[in-house]
Amino acid sequence: MTQDKVLNIYSARHYPTDEVMYSEFTKSTGIKINRVDADDAGILARLKAEGSASPADVILLVDAARLWRAEVDGLFLPVKSARLEEAIPANLRAKPADNGGTAWFGLSTRARVIVYDKMKFSKTDVDSYEKLANVKLKGSLCVRSGSHPYNLSLMGAMIEHLGAQKTEVWLKGLVDNMARSPKGGDTDQIKGVASGECGVALTNSYYLARLMRSAKPEDRAVTEKIGIVFPNQSSWGTHVNVAGGAVARYAKNTDNAVKFLEYLASPSAQNHFANGNNEWPAAKGVSFDNPALKAMTGGSFKSELIPISAVGMNQVKVQQMLDRVGFK
């Protein structure tokens, strides 16, 4: 049974700039939004605990592997929407379910890029993920924890590209090249390169864009000291992760939930992901005006085309590899 004008959202997207999208949706549809904010893990735990009594209609998560995990755990309701299927490329959404519906859709993407100290290295030293394991970078690599979702997703993608054996050798190379033990978030890695503590680091693209667009001179000074590489442009393309959405398994307002996901795939919302939160649109053919994203890439870049759901399937394998090579 669908109640009329209400929608209950559990969201891991704690970006203040999203507020405009929520109010725009309510304004155009009259559907009132109630929102619970938590991190991905907290939302999944809550859904499991609530079971069929859960009030959630829409789930918004910020990592492909967690979307996949929730799908496998039966927390989503696969839905059919011609509008979503047309807008979101097949590799950025769940594989079709038994009923022909789709359990989740990627709604925005973020690239896993490499930043480097321009005084110590040149772009060709780090123009692929594989080169991060090169002995030339010994004592230079800074990275956040290997078991953080952003790294797990990249490593899961590497298994698809290289195979398990070569990926493990590569991970061992990363450990051998570390400037220090993994710690901090992506912004800390970028600042580590700018300060000279690190020579090279991995980061999600939107952290860089935030620094580039910051009103603080010290943030912009950081970005002037580093070079940015979108890896593997001459091979399989740069790894991208998604933030995405799904209809909750026990949604009481399914029509409103689908309508909201369709709205998030619309050009105006997609443009907002790009301009408001420095993410790339997931929907096909959407143009955007974000100056930092354009400056980073010259406007576009080649991204990998593996099904993003495969990244989730490789997670356990990756975690076992990390333990074996001593990547904390």
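Computed from the coordinates by the stated procedures, all read-outs in this text should not be read as laboratory data. Only a predicted model underlies this, so the values are computations on that prediction, with no experimental measurement involved. Backbone-built Cβ (ideal geometry, glycine too); neighbour counts: all protein chains shown.
Here are some notes:
- Once the C-beta distance of Leu162 and Arg35 is scaled by a Förster radius of 41 Å, the resulting FRET efficiency is 0.55 to the nearest 0.05.
- Summing Cβ point charges (Lys, Arg +1; Asp, Glu -1) relative to the Cα centre of the chain gives a dipole of roughly 500 debye.
- Where labels lie 7 Å past Cα in the beta-carbon direction, separation of Tyr22 and Arg324 in nm: 4.5
- Once the Cα-Cα distance is subtracted from the 0.36 nm per residue extended length, the Val72 to Ala295 segment shows a gain of 76.4 nm.
- Check: region 201-286 dipole with +1 on Lys, Arg Cβ and -1 on Asp, Glu Cβ, in debye: 100
- Ranked packing of 123-129, 215-221, 151-157, most packed first, by mean Cβ within 10 Å: 151-157, 123-129, 215-221
- Inter-label distance for Asp4 and Val316, nm, one decimal - labels placed 7 Å from Cα along Cα-to-Cβ: 4.8
- Rg and Dmax [Cα atoms of region 95-188; Å; Rg one decimal, Dmax integer]: 16.0, 56
- Highest-MSF residue in the chain out of Ala97, Ala82, Ala243 [GNM, Cα springs under 10 Å]: Ala82
- Other residues lying with their Cβ under 12 Å from the Cβ of Glu262 contribute a combined charge of 0, Lys and Arg counting +1, Asp and Glu -1.
- Neighbourhood charge, 15 Å Cβ-Cβ cut-off, centred on Lys32 and excluding it, Lys, Arg +1 and Asp, Glu -1: 0
- Within region 81-164: Cβ-based charge dipole about Cα centre, in debye rounded to nearest 20 (Lys, Arg +1; Asp, Glu -1): 440
- Ellipticity estimate at 222 nm from DSSP helix runs (n ≥ 4, -39,500 (n - 2.57)) divided over the chain, nearest 500: -12500 deg cm²/dmol
- Links that overshoot a 18 Å alpha carbon limit, given the list Lys48/Lys328; Lys166/Lys317; Lys166/Lys302; Lys32/Lys252; Lys191/Lys328: Lys48/Lys328; Lys166/Lys302; Lys191/Lys328
- Of the peptides 23-31, 84-92, the order by per-residue mean of other Cβ atoms within 10 Å, starting with the highest, comes out as 84-92, 23-31.
- Positive-end residue, the chain charge dipole about Cα centroid, Cβ charges, pick of Ser23, Val193, Trp236: Val193
- Spatial separation of Cα centroids for region 4-34 and region 239-275, in angstrom: 10
- Within the shell defined by Cβ-Cβ distances under 12 Å, the residues around Gly100 carry a net charge of 0, with Lys and Arg each +1 and Asp and Glu each -1.
- Think of the chain as having a plus end and a minus end, set by charges on the Cβ of Lys, Arg, Asp and Glu; of Ser303, Ala56, Phe273, Ser303 sits farthest toward the positive end of this dipole.
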